[in-house]
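I have placed the structure first, in the form of structure tokens, so that the comments after it can refer back to it.
FYI, it's all coordinate maths here, none of it is from the lab. From a predicted model like this one, the values you see are computed outputs, not experimental measurements. Note: ideal-geometry Cβ built from the backbone for every residue, glycine included; neighbour counts use all protein chains shown.
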Amino acid sequence: MMSFDPFDFKSALPIINEDSEFFPLMSSDDEAEMNNEEVPPSLPILPLRNTVLFPGVVIPITVGRDKSIKLIREANKGDRIIGVAAQQDVNIEDPTFNQLHRVGTVALIVKMLQMPDGNTTVILQGKKRFVLKEELQSEPYIKATIEPFRDVKSKEDKEFKAMISTIKDMAMSIIQLSPNIPSEAGIAIRNIESTPFLINFIASNMNADMAAKQRLLEVANLRDRANIVLEHLTLDLQMLELKNQIQTKVRVDLDKQQRDYFLNQQLKTIQEELGGSSPDLEIENLRQRAAKKKWADEVKNHFNKEIEKLARTNPAAADYSVQINYLELLLDLPWNEFTKDNFDLKRAQKILDKDHFGLDKVKKRIIEYLAVLKLKRDMKAPILCLVGPPGVGKTSLGKSIARALGRKYVRMALGGVRDEAEIRGHRKTYIGAMPGRIIQSVKKAGAANPVFILDEIDKVGNDFRGDPSSALLEVLDPEQNNTFYDHYVEVDFDLSNVMFIATANSLSTIQPALLDRMEIIEVNGYTIEEKIEIAKQHLLPKQREAHGLKPKDVVMKNDVIEKVIEDYTRESGVRSLEKKVGSVVRGVAKSIAIEEPYNTSVTKQDVETILGPPIYDKDLYEGNDVAGVVTGLAWTQVGGDILFIEASLSPGKGKLTLTGSLGDVMKESAIIALAYLRAHASQFDINPKLFDQWDVHVHVPAGATPKDGPSAGITMLTALTSAFTQRKVKPNLAMTGEITLRGRVLPVGGIKEKILAAKRADIKEIILCKSNQKDILEIKESYIKDLKFHYVTDMRDVIKLALLDEKVNEPLDLTIREEERPVFN
């Protein structure tokens, strides 16, 4: 394809192409004069690297070689006639005579110009073709003998004229279709009269490589040259028309895209000026974040569908922000993103032992889980439920487990949760919809395998808004939670790798179906020895740090800590103990702050000075010196406790009165105990008529405190038997167990808490059902070395063990008159 630019040279109209070649017009007289010129026998030869000079055509060339510059300067001082020949290999910097094409062109140096950049530009005009013969010299430049190139005359018939006319038309068409070729080029071609010059002019400027142009120069017959030029022009015209068709088609699409682009850019600029962000930029950011996610195909397809919906939504619509929030949640959730578990079992054991004293059963279960996970790698996480009184470290144990495993830690408090949507989330159609707290907590953790604490699972409520405990069934089922469905997320999320640890104070309020899905681990209260160690290893250092004291500033010995435990706390856990230790530390901190003297090693007297007189007195737990008073063991949500059951008789008609805020279970236990005693009166040496002449009053002290449970059956019967036989109960004896009408003793729960309560009350002997012996075996022997246990299966064994042989009073008189009353000591 030709490319032309106008260039003003002398009086003629020259045309210059993209490569700075220019072409002045040649008249018929100029052509005749050129044909009459004779070719000299020898000429200095100028090698051309990137172009071919045709006769009659004027071109500028830049001279850079030293030889060429010397040649031009010497020729310019003479007749300014030189020979030019194209190199066979354009990559040769200094070609020899044999590396030049044999056919070249005699050239006239029209003008030599010194350019601003230091280069020399020479304007050459082709004259006649020649053939190189012999080299005369190679230095300082090539000089050779030449002979004229012999042209073959062609007949200028109609066909030839039509061919020339076609060449002109095609050249004009190419000029019109090429936007970078000026219209003056068409005028120049139209004004060319000489046919050979027209062919040479077009051949010099057509879109062909140097080898093709050299072959044209070597064609002797003008008709043949015209045919070759016509073929090249035809191919160029076809390519140019196809290119223009493609550009026209693409331009239509680009025009619409550019229009949309400019409008969007303007909209983006306006929104940025208003302080907002571009919707397209937001969507693109979401797409870029999505490309980095490691989610399943189902989630990926769902996200793509939702982001396409966002792209179709008007940014001003209310649904737009809702959709943005939804997509950001999907991106923030840790799909298939896990933290690496630390399988160093010894390290895990050290961490658990360092953070918590005791709790061997829980620690053993965690180490077992880690061991299996280390071997199997893809084990489903267990659902553990830690059950025990407050303050024993159930919740803080979760942090230690997370640290031992090297996992993230999240905690969700379930106390008071009544709305099912708190677990499963709201549907997106609701205003203010949010995902459930399960999904929110996993998002907060940033990993799909955190240690997840479900705190106070026994305090989940339900009302008209749903039943959250039922919603937790899917969360805490290892066979279902790999496809947990949140109403807001709308895509199944895998919770099977989450290690759920639930905590509870009591199992009685947990839904049975939910309880069935969890592995129950009892975390019972601590003995005095354990509490002393916990206070020394954890509570005291923690309080010292919290109050800005150093270890040397305050020291509490074992006997001082024991005094705080026995005289100022009554609990299974250590929460109250921590508060009391904190009070002691604050007392020391105050002395340091006001610079008054104090004991670095806190004494018992210091404890009473800081905490005041003892709150709890051991004498409170003693007082069964009269018949009818029995010490029982009870389980409460704050741990174990002892309670007294008092039975007294008064003349009457056998009426049973129960007081002390007793629940239905305890009332039934009293009724069963009395019925059993009446049925087996002879076995206990009781006159059956007494039951019809004496009213029975059973009372449990601390009447303002509601009491209920199945643990007081044998205590009720023992109290009634003691009252009717007037035999008092052995001192320092306590009991727990349920009874039947047949007199069988049934096992009860909460044994460890009850044992700890008995030990705090200085109880020495305990009566239990034989089936509860397994619970005693789980307690460390060192903790119960001062206790004696009696295991029974029948109520007669209880009476034999509990009652002394000596009587407080004489046997009850059946013939007592109304004005006479028995006197009991």
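Annotations
- Estimated FRET transfer efficiency when R0 is 56 angstrom, pair residue 744-residue 320 (beta carbons, to 0.05): 0.20
- Extending 7 Å from the Cα toward the beta-carbon at both residue 331 and residue 137 defines two label points whose distance is 7.9 nm.
- Mean projected area (nm²) of the alpha-carbon convex hull when the range 691-779 is viewed from all directions: 7.2
- Each peptide among 346-358, 597-609, 484-496 gets the average number of other Cβ atoms lying within 10 Å of its residues, and from highest to lowest they stand as 484-496, 346-358, 597-609.
- Candidate lysines for bridging to residue 158, where Cα separation is under 18 Å - those fewer than 8 sequence places away on the same chain excluded: 168
- Cα shape, the range 406-500, gyration tensor, a/c 1.5 rule: oblate
- Percentage relative contact order, the chain, counting C-alpha pairs under 8 Å, at least six apart: 7
- Peptides 675-681, 548-554, 798-804, ordered by how many other C-beta atoms sit within 10 Å of their residues on average, highest first, read 798-804, 675-681, 548-554.
- Straight-line cross-link partners of residue 294 among the lysines, defined as a Cα under 27 Å from its Cα and at least 8 positions apart when in the same chain: 305, 309, 340, 374, 376, 380, 408, 428, 443, 444.
- Cα Rg, Dmax (largest Cα-Cα span) when computed across the range 531-651, Å: 18.5, 69
- Label-to-label distance, nm, for residues given as residue 537 and residue 598 (7 Å Cα→Cβ offset): 2.7
- Between residue 583 and residue 173, the contour length at 0.36 nm per residue exceeds the alpha carbon distance by 137.2 nm.
- Surrounding net charge for residue 592, when Lys and Arg each add one and Asp and Glu each subtract one, Cβ distance under 11 Å: 0
- Whether the range 371-433 is rounded, prolate or oblate, judged on the alpha carbon gyration tensor where a/c under 1.5 counts as rounded: oblate
- Whole-number percent relative contact order across the range 279-332, with pairs defined as alpha carbons under 8 Å at least 6 apart: 46
- Rg to Rh quotient for the chain, alpha carbon positions, Kirkwood Rh: 1.44
- Packing, as the average of other Cβ atoms within 10 Å across residues, places the peptides 440-446, 315-321, 648-654, 746-752 in the order 746-752, 440-446, 648-654, 315-321, highest first.
- Test item: Cα-centred dipole of the chain, Lys/Arg +1 and Asp/Glu -1 on Cβ, debye: 1780
- Working note: Debye formula, equal point scatterers on the alpha-carbon atoms of the range 673-727, no solvent; log10 I(q)/I(0) at q = 0.15, 0.20, 0.26, 0.31 Å⁻¹ is -0.47, -0.77, -1.11, -1.40.
- Full extension of the chain segment joining residue 311 with residue 479 gains 56.7 nm, where the gain is 0.36 nm per residue of separation less the Cα-Cα distance.
- Two-site FRET efficiency, residue 443 against residue 374, from Cβ-Cβ distance with R₀ of 41 Å, rounded to 0.05: 0.90
- Relative contact order [Cα under 8 Å, 6+ residues apart], the range 345-522, whole percent: 30
- Calculated mean residue ellipticity, 222 nm, the chain: -13000 deg cm²/dmol, from DSSP H runs (n ≥ 4) at -39500 (n - 2.57) each, averaged per residue and rounded to 500.
- Distance cut-off 12 Å, percentage of C-alpha pairs in the range 133-189 lying past it: 77
- If you take the alpha carbon atoms of the range 345-522 and fit the smallest convex hull around them, that volume is 109 Å³ per residue.
- Fraction of alpha-carbon pairs over 17 Å apart in the range 279-332 - percent: 28
- All-pairs alpha carbon distance profile, the range 36-152, 10 Å steps from 0, percent: 14, 51, 31, 4, 0
- Largest-first principal axis extents, alpha carbons of the range 619-807, Å: 50, 35, 29
- Projected label points at residue 212 and residue 292, each 7 Å from Cα along the beta carbon direction, are separated by 5.2 nanometres.
- A straight Cα-to-Cα reach below 16 Å connects residue 788 with the lysines 730, 752, 754, 759, 764, 770, 774, 780, 800, residues fewer than 8 places away in its own chain not being considered.
- Efficiency of FRET from Cβ geometry, residue 94 and residue 242, R₀ 41 Å, rounded to 0.05: 0.45
- Beta bridges per DSSP with both ends in the chain, % antiparallel, nearest 5: 55
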